[in-house]
Amino acid sequence: MLAANPQRTSWVPEEVRGELNVEWYHPIEPYIHYKIQPIAANGKLYVSTARGLYTFSAASGELLWVYPTEQPLGHSPTIATINGKSIAFVGGYDRKIHALDANSGEEINGYTPFEATAGFETNPLVVNNTIYAGNRDGYFYALDARKYYQDLKEAQPEMFDAFMGLHKGVFEKESALSQKIKELIAVAVAHTTQCPYCIESHVKAAQKAGASKAEIAEAISIAVALRAGGAFAHSTVAMSSLER
């Protein structure tokens, strides 16, 4: 991790002495901010750039994989072991903290990247399965690093892939409804199904799609009215069942 340990002291037991020589170098096109430090783990070097996370073989300098991003990454990644898997956590100016398989560079299936209201310019700290990170929005976040569904995917891969395909087909493809309207509907439905994770993710997605605080509140009020309306409408069943 950045600065060698959670205390950020930069102290390590190894000492490097004598003359230093260039073992290898590997030019890359994207800009690397001056504050970025290469992170060494798993026999690899992880480097955050303006176009994504680049990973090299520490021994040879061979480029192993690239995780591309549309916006610059804000700082160096942190490599942590979560549920027995080595994961790279890295924040960016897209307002997200990404979670990647540290060996392959693939996104962790079922992990929904946390999205703040501004970009992340800090290196995440991961301690006791919790991600700690400050944000440009002025808040300091503590996130559950285990919040993904790898166990479910491994147990029921066909069902998992079918659900993810349905979700992407509904929310990520162009259709007659705008993205904002879709997310406002999702906010309302999430309140009727009472799923806290759905509420959190779709409120943030609605904001990202341009929904105002008033629009989100109105969508919730519609859910409240319909939830209450169900009981009201079914009262006719009770009334008609009364003995005359």
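The values are calculated or read from the model by the stated rules, or taken from the named source; none is laboratory data. Here the structure is a predicted model, which is why all the values come from computation and not from measurement. No Cβ is skipped: glycine too gets one built from the backbone with ideal geometry, and neighbour counts run over all protein chains shown.
Taken together, PRO157, PRO196 contain a single residue that is surrounded by fewer than 11 Cβ atoms within 10 Å (Cβ to Cβ) and not assigned by TED's automatic domain parsing to the domain that holds ASN109, which is PRO196. Counting only helices (runs of 4 or more DSSP H) that sit wholly inside the range 143-244, those with at least 3 residues that are touching a helix residue (DSSP H, G or I) at 6+ places or on another chain (Cβ under 8 Å) are 157-171, 179-193, 196-208, 213-241. Working only within the range 81-127, note down all residues that are out of contact with any Gly (no Cβ under 6 Å at 6 or more places or on another chain), of a type outside the set (Asp, Glu), under 18 Å from SER201 (Cα atoms) and in a loop (DSSP other than H, G, I, E, B). Of everything in the range 81-127, those that are out of contact with any Gly (no Cβ under 6 Å at 6 or more places or on another chain), of a type outside the set (Asp, Glu), under 18 Å from SER201 (Cα atoms) and in a loop (DSSP other than H, G, I, E, B) turn out to be ILE108, ASN109, GLY110, TYR111, THR112, PRO113, ALA116, THR117, ALA118.
Checking TYR25, TYR67, TYR34 one by one, the residue that is in the same structural domain as PRO124 (by TED's automatic domain parsing) and outside any loop (DSSP other than H, G, I, E, B) is TYR67 and no other. Restricting to the range 214-239, give me the number of residues that are surrounded by 10 or more Cβ atoms within 10 Å (Cβ to Cβ) and either touching a residue at least 24 places away in the same chain (Cβ under 8 Å) or under 31 Å from the mean Cα position of the chain (by Cα) (or both). So the answer is 12. In the set (1) over 23 Å from GLN37 (Cβ atoms); (2) surrounded by 18 or more Cβ atoms within 10 Å (Cβ to Cβ), LYS85 fails one condition alone, (2). Consider the range 51-71 and keep the residues that are surrounded by fewer than 20 Cβ atoms within 10 Å (Cβ to Cβ) and under 18 Å from the mean Cα position of the chain (by Cα). The one that is farthest from ASP137 (Cα to Cα) is VAL66. Under the condition of being among the hydroxyl-bearing types (Ser, Thr, Tyr) and without any contact (Cβ under 8 Å) to a residue 12 or more places away in the chain, the residues counted in the range 81-132 number 2.
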